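Note sheet for the following structure.
The values are calculated or read from the model by the stated rules, or taken from the named source; none is laboratory data. Since we're looking at a predicted model, the values are computed, not measured. Glycine gets a Cβ as well: all are built from the backbone with ideal geometry, and neighbour counts include every protein chain shown. Protein only, heavy atoms only, side chains kept; ligands, DNA and RNA dropped before computing areas. Shrake-Rupley method; radii C 1.70, N 1.55, O 1.52, S 1.80 Å.
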Amino acid sequence: MSTVRIRRRTTTAARAAAAAALLALGATACAGGDGRDRAADQGRDAVRVVSGHSYAVDSSPEAALAFPMNDNVFEGTVVGTRPDVYAKDVLDDGSVFEVVYTPVVVRIDRVHKGDLRKGSEVVVRSMGGTAGGVRYEIGEAPAKKTFAEGASLVVFGSAHEAVDSEKSPALTPNFLYRKSGGAFVDATYAEGAHDGGPADRVDREKFLGGLRSLDGGAS
């Protein structure tokens with residue numbers, strides 16, 4: 001996982017949660033004097049590259065289920081994707097944190113935690129991409145192919161909120177699992193498990209049983 005801890009100018013809990021959610025799985029991407037931004041091209045259409053400073057944590061089913069910052073946990077189906085979006089957050093000291101992500105539209109099939117509604121559609125941030133003259137690169141994030149249309153996912157996500165630069169609310173996955181046959185496979189990181197090993201693969205019924213423990217078995 002790649003977590004950004006950023007302070008907001010507002011003191012409301014909801015706004016603070018929204019700011020943290022922008023990069024909950026994104027990483028710290030700070031523009032302004034740290035030397036990590038670079039021009040990918042010297043021409044008129046130069047693209048500035050921002051690299052996420054990421055780290056991985058245990059994404060096993062047990063860890064995902066127990067993670068205290070999961071505001072929303074749900075099963076869903078990918079409806080499609082939208083063009084990449086550039087987003088930023090400005091701290092009190094003037095530091096600018098910026099990312100680019102692909103908005104993934106997911107239809108909610110079952111809610112296990114949070115206030116989202118079954119049958120509604122939400123935008124999930126797939127971190128990484130190019131927009132607004134910025135290319136955001138991050139290694140510790142779900143692979144783009146995970147969000148193929150029709151894919152069945154379990155999202156352990158942040159609050160469904162918008163930061164200042166966003167026009168509409170979205171959420172960032174803290175952990176992500178995809179359905180594969182009779183099992184669910186950990187898709188939190190593109191390259192496999194957090195420790196470099198193969199991604200966890202867990203029996204479907206066992207995994208769903210763990211999810212039901214979050215909502216007491218309610219639909």
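Please report, ordered by residue number, the strands (runs of 3 or more DSSP E) entirely within region 76-142 with at least 2 residues that are within 13 Å of the chain's Cα centre (by Cα).
96-113, 121-127
Looking at region 204-219, which of its residues are touching a helix residue (DSSP H, G or I) at 6+ places or on another chain (Cβ under 9 Å) and open to solvent by 20 Å² or more (accessible area, probe 1.4 Å)?
Once the filter is applied, which keeps residues that are touching a helix residue (DSSP H, G or I) at 6+ places or on another chain (Cβ under 9 Å) and open to solvent by 20 Å² or more (accessible area, probe 1.4 Å), region 204-219 yields 206, 213, 214, 218.
Name the residue that is modelled with the highest pLDDT, counting only residues in region 156-180 that are within 18 Å of residue 90 (Cα to Cα) and of a type in the set (A, V, I, L, M, F, W, C).
The selected residue is 162.
Residue check, residue 24 against (1) at pLDDT below 95; (2) part of a loop (DSSP other than H, G, I, E, B); (3) open to solvent by 30 Å² or more (accessible area, probe 1.4 Å); (4) closer than 14 Å to residue 157 by Cβ, all met but one. Which one?
The failed condition is (3).
Of the residues that sit in region 181-203 and are open to solvent by less than 40 Å² (accessible area, probe 1.4 Å) and under 22 Å from residue 111 (Cα atoms), which one is nearest to the chain's Cα centre (by Cα)?
Among them, the one singled out is 188.
Taking the criterion of being at positive phi, touching a residue at least 40 places away in the same chain (Cβ under 8 Å) and not hydrophobic (A, V, I, L, M, F, W, C), would at least one residue in region 82-96 satisfy it?
Yes, because at least one residue in region 82-96 is at positive phi, touching a residue at least 40 places away in the same chain (Cβ under 8 Å) and not hydrophobic (A, V, I, L, M, F, W, C).
What are the residues in region 140-149 that are open to solvent by 10 Å² or more (accessible area, probe 1.4 Å) and over 24 Å from residue 182 (Cβ atoms), if any?
Listed by number, the residues that qualify are 140, 144.
Which members of region 116-169 meet the condition of being of a type in the set (S, T, N, Q) and closer than 22 Å to residue 210 by Cβ?
Listed by number, the residues that qualify are 146, 152, 158.
Is at least one residue of region 150-170 assigned to a strand (DSSP E or B), in contact with a helix residue (DSSP H, G or I) (Cβ under 9 Å, 6 or more places away or on another chain) and open to solvent by 10 Å² or more (accessible area, probe 1.4 Å)?
Within region 150-170, one or more residues are assigned to a strand (DSSP E or B), in contact with a helix residue (DSSP H, G or I) (Cβ under 9 Å, 6 or more places away or on another chain) and open to solvent by 10 Å² or more (accessible area, probe 1.4 Å).
Of the residues in region 184-201, how many are under 23 Å from residue 118 (Cβ atoms) and in a strand (DSSP E or B)?
Going through region 184-201 one residue at a time, the tally reaches 1.
Residue 186 is checked against (1) free of Cβ contacts under 8 Å to residues at least 60 places away in the same chain; (2) among the acidic types (Asp, Glu); (3) touching an Asp or Glu at 6+ places or on another chain (Cβ under 6 Å) and fails just one. What number does that condition carry?
Going through the list (1) free of Cβ contacts under 8 Å to residues at least 60 places away in the same chain; (2) among the acidic types (Asp, Glu); (3) touching an Asp or Glu at 6+ places or on another chain (Cβ under 6 Å), residue 186 breaks only (1).
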